[in-house]
Amino acid sequence: MTVRPVTIRVVGSSRPHLRQAKRPYVYPNRRGPGGPPVPGADPNVEAGAACADVETELFFTDRPADIELAKSICESCPVRAACLERALDNNEQFGVFGGLTANQRRALRRKRARQVGGEAA
């Protein structure tokens, strides 16, 4: 009895689930240029903001020195209140908006909810 060699021809990948792993990592919290408009965005407010000419990365960092610098820019901003309200309305989870960090905005949201809840009783 003779044994014939078996030739297996593989077309494509035998493990297609690994194709996704080979793609470059996409940072989920970073917005690319362009894209859909941000809900509640007012071009007139954004044009008058003190941060209009500042690098966006400064407002989305974890370094305490950069956070303090971003807050100091917000202190002198003429549209600070509108920026903060928009961040609260859109439930922004990251960055400095209206002079407040994400944790400070969460605390403000809870405080407002308690005040509304207390008035209703």
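The values are calculated or read from the model by the stated rules, or taken from the named source; none is laboratory data. Keep in mind that what you see is a predicted model, and the values were worked out from it rather than measured. With ideal geometry, Cβ positions are generated from the backbone for all residues, glycine too; neighbour counts draw on all protein chains shown.
Set side by side, the residues Asp53, Asp66, Asp62 differ, and just one is surrounded by 11 or more Cβ atoms within 10 Å (Cβ to Cβ) and of a type in the set (Asp, Glu), which is Asp66.
Restricting the first member to the range 60-74 and to residues that are among the basic types (Lys, Arg), and the second to residues that are buried (at least 17 other Cβ atoms within 10 Å of the Cβ) and assigned to a helix (DSSP H, G or I), no beta-carbon pair is closer than 9 Å while six or more apart or on different chains. Of the set (1) surrounded by fewer than 16 Cβ atoms within 10 Å (Cβ to Cβ); (2) modelled with pLDDT under 90, all apply to Val79 but (1). Any residue at all in the range 34-56 that is within 18 Å of Gln93 (Cα to Cα), modelled with pLDDT of 85 or more and either part of a helix (DSSP H, G or I) or in contact with a Phe, Trp or Tyr (Cβ under 8 Å, 6 or more places away or on another chain) (or both)? Looking for residues that are within 18 Å of Gln93 (Cα to Cα), modelled with pLDDT of 85 or more and either part of a helix (DSSP H, G or I) or in contact with a Phe, Trp or Tyr (Cβ under 8 Å, 6 or more places away or on another chain) (or both), one finds at least one in the range 34-56, hence yes.
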